[in-house]
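First comes the structure, then the notes that go with it.
The values are calculated or read from the model by the stated rules, or taken from the named source; none is laboratory data. Not measured: the values here are computed from a predicted model. Virtual Cβ from ideal backbone geometry, glycine too; neighbours counted across all protein chains shown. Remember, those area values only see protein heavy atoms, side chains included, never the ligands or the DNA or RNA. Shrake-Rupley method; radii C 1.70, N 1.55, O 1.52, S 1.80 Å.
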Amino acid sequence: MNHQELKELWKQEEAIAHIHGWDFSHIADKYEEEHDIPWDYDSLVRQYLKKDMKLLDYDTGGGEFLLSLGHPYENTAATEGFPPNVKLCQEKLIPLGIDLKECSDPAHLPYNDSSFDLVINRHGDFCPDELYRVLKPCGLFITQQVGDRNDLDLVRMVFPDTADPTSGLHLSVQQRAFEQAGFEIVRAEEHFGQIRFYDVGAFVWFARIIEWEFPGFSVDSCFDRLLQMQAQLEEKGSIDGTTHRYLIIARKPLK
């Protein structure tokens, strides 16, 4: 393809970059990530979750993972703050009897003290002090998080002057925050893995979806950089970046 044909193709991907919930099936065969994470979040949650537990999934997305757990609906609660996902969850979760509440402020959860045996959170926001409040004594919080160096090398492919992150979203800082809130750390791990794209159009779609990592990205403004990525793809067969994940399992002690 010539440059104009590539640009038209990429702008098509840019135009359709919308998702419901957290569904990346549109580019599933054109990229891969998270295949090398040394823990299995799903298995860890199932390891601790018992049928009689009160469960909260904070920032549930579209509720896909929560529903996959098959937990009794009467013992299940969820929050979501992103308006399109709130609507989706209202349609999917409320009819099942799941206690869904709209919430976009992790420091003010709409639940009473000591309400839950287990709170889970995958790539969402959280506040350790507020989690401590809503968990029962001996209750657990399990989270897999995206660290602040996630996709940084990919970001710099299109925005080369991007500064080093300063958010503190990495294990040492977050583990200390949980300890200061009164939690006991059951498990804490950090991992830097690989994300790989086999198509620049898939990257365009991805960058538009993950807009908080690629603020201001567009095909027009980054076209020259995208052409460089296309050249790299043709030479090496893929465009490679680095993922950043960390896991924390924290327990509220019995006092």
At 4 °C and 1.567 mPa s, the Stokes-Einstein diffusion coefficient in µm²/s for region 9-68, with hydrodynamic radius from the Kirkwood sum on alpha carbon pairs, is 89
With springs connecting C-alpha atoms under 10 Å apart, model the chain as a Gaussian network and identify which of T76, T166, T143 has the largest mean-square fluctuation. T166
Using the alpha-carbon atoms, what tilt in degrees (0 to 90, nearest 10) does helix 223-236 show relative to the longest principal axis of the chain? 90
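Among DSSP beta bridges whose residues both lie in the chain, state the antiparallel percentage, nearest 5. Mind dumping the intermediate values first?
Working: 23 of 39 bridges.
Approximately 60 percent, going by the DSSP bridge assignments.
Hey, could you grab the Kirkwood Rh for region 1-130? Inverse mean 1/r over distinct alpha carbon pairs, Å, one decimal.
Numbers: mean 1/r = 0.0597 Å⁻¹.
One over the average 1/r among Cα pairs gives 16.8 Å for region 1-130.
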Calculate, for Q194 and K136, the FRET efficiency according to 1/(1 + (r/R0)^6) with r their C-beta to C-beta distance and R0 30 Å; round to the nearest 0.05. 0.20
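Tell me, in nm to one decimal, what length is gained between C127 and I19 on full extension, where the rule is 0.36 nm per residue of separation less the Cα-Cα distance? Let's see the in-between values first.
Numbers: separation 108, 0.36 × 108 = 38.88 nm, distance 2.65 nm.
Here the segment from C127 to I19 would lengthen by 36.2 nm.
Hey, what's the chain come to in accessible area per residue, 1.4 Å probe, Å²? Spell out each step's value before the answer.
Details: 12450 Å² over 255 residues.
Accessible area per residue: 49 Å².
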Option label - Kirkwood radius over Cα pairs in Å computed here, alternatives (i) 17.7; (ii) 18.6; (iii) 19.7: (iii)
For the chain, find the longest principal axis of its Cα atoms and tell me its angle to the long axis of helix 3-15, 0 to 90°, nearest 10. 20
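Report the calculated FRET efficiency for R225 and I37 (r = Cβ-Cβ distance, R0 = 30 Å), to the nearest 0.05. Intermediate results must be reported in sequence, preceding the final value.
Values: r = 28 Å, r/R0 = 0.95.
The pair R225/I37 has a calculated efficiency of 0.60.
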By average Cβ neighbour count within 10 Å, what is the ranking of 183-196, 80-93 from highest down? 80-93, 183-196
Report Rg(Cα)/(2.2 N^0.38 Å) for region 55-196, keeping two decimals. 1.15
Within region 26-176, count lysine pairs with alpha carbon atoms under 18 angstrom apart where the residues are 8 or more positions apart or belong to different chains. 6
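Tally up the carbon and sulfur contribution to the accessible surface of the chain as a whole percent, 1.4 Å probe, everything protein left in place. If you can, show how the numbers build up before the last one.
Details: 6080 of 12450 Å².
Roughly 49 percent, rounded to a whole number.
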Calculate the length of the line joining the C-alpha centroid of region 213-228 to that of region 174-191, in whole Å. 37
Once Rh for region 173-255 is found with the Kirkwood sum over Cα pairs, what is the Stokes-Einstein diffusion coefficient at 37 °C and 0.692 mPa s, in µm²/s? 208
For the Cα atoms of the chain, what angle does the longest principal axis make with the long axis of helix 171-180, in degrees from 0 to 90, nearest 10? 20
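Multiply the residue gap between K7 and E211 by 0.36 nm, knock off their C-alpha separation, and tell me the result in nm, one decimal place.
Working: separation 204, 0.36 × 204 = 73.44 nm, distance 1.96 nm.
Separation in residues times 0.36 nm, less the Cα-Cα distance, equals 71.5 nm.
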How high is the relative contact order of the chain? Use alpha-carbon pairs under 8 Å, at least six apart in sequence, and give a whole percent. 25
What list of ³J(HN,Hα) values in whole Hz, one per residue of region 154-163 in order, does the Karplus curve 6.51 cos²θ - 1.76 cosθ + 1.60 (θ = phi - 60°) give from phi, with Gly and Pro shown as x? 5, 4, 6, 5, 9, 10, x, 8, 4, 6
